[in-house]
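Colleague: The structure follows.
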């Protein structure tokens, strides 16, 4: 009996679903609403000369790298936390082109021209402000990273890059400090 009732119910549902009459649309405008583009030209433009909150414009143009190099100073001090953070930023943004050691042998080198080594005499002579400017504005094939890397992150990244440079070509003071370290062990 239960099987008979189940089959009867199933057949009844199938017959009810096979109606040739179209269904009634309760709110047709909701089903077929006109598409609205959120970013149309009709949006209100900001007032000329205004800036978003907490936005600090970068005062140097693309060609003002030397001026930026003279005027910008790294506000961060060297610490284990800063270098670790700078290493993380370097590994995230720079390593694919410049390589883990900064010599320009990144993973994209076969597809693109080899980027300059961060250990070249030219780059070693740059001030931290000049490197900050290159990261912010870009240079040659390197595009700007201003939107991806916050200013504090850029400064930490530069400190880590300087540590890489000193690891490849240490100064005499670095060697003496290392000797003292070994003697204390």
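Colleague: Testing residue 148 on (1) in contact (Cβ under 8 Å) with a residue 40 or more places away in the chain; (2) outside any helix (DSSP H, G or I); (3) touching a helix residue (DSSP H, G or I) at 6+ places or on another chain (Cβ under 6 Å), one condition comes back false. Which one is that?
Modeller: Unmet condition: (3).
Colleague: Can you name the residue in region 49-82 that is at pLDDT 90 or above and either within 14 Å of residue 154 (Cβ to Cβ) or in contact with a strand residue (DSSP E or B) (Cβ under 6 Å, 6 or more places away or on another chain) (or both) and, of all such residues, is surrounded by the most Cβ atoms within 10 Å (Cβ to Cβ)?
Modeller: Applying the filter and picking the extreme gives 72.
The values are calculated or read from the model by the stated rules, or taken from the named source; none is laboratory data. Everything numeric in this text was worked out from a predicted model, so none of it was measured. No Cβ is skipped: glycine too gets one built from the backbone with ideal geometry, and neighbour counts run over all protein chains shown.
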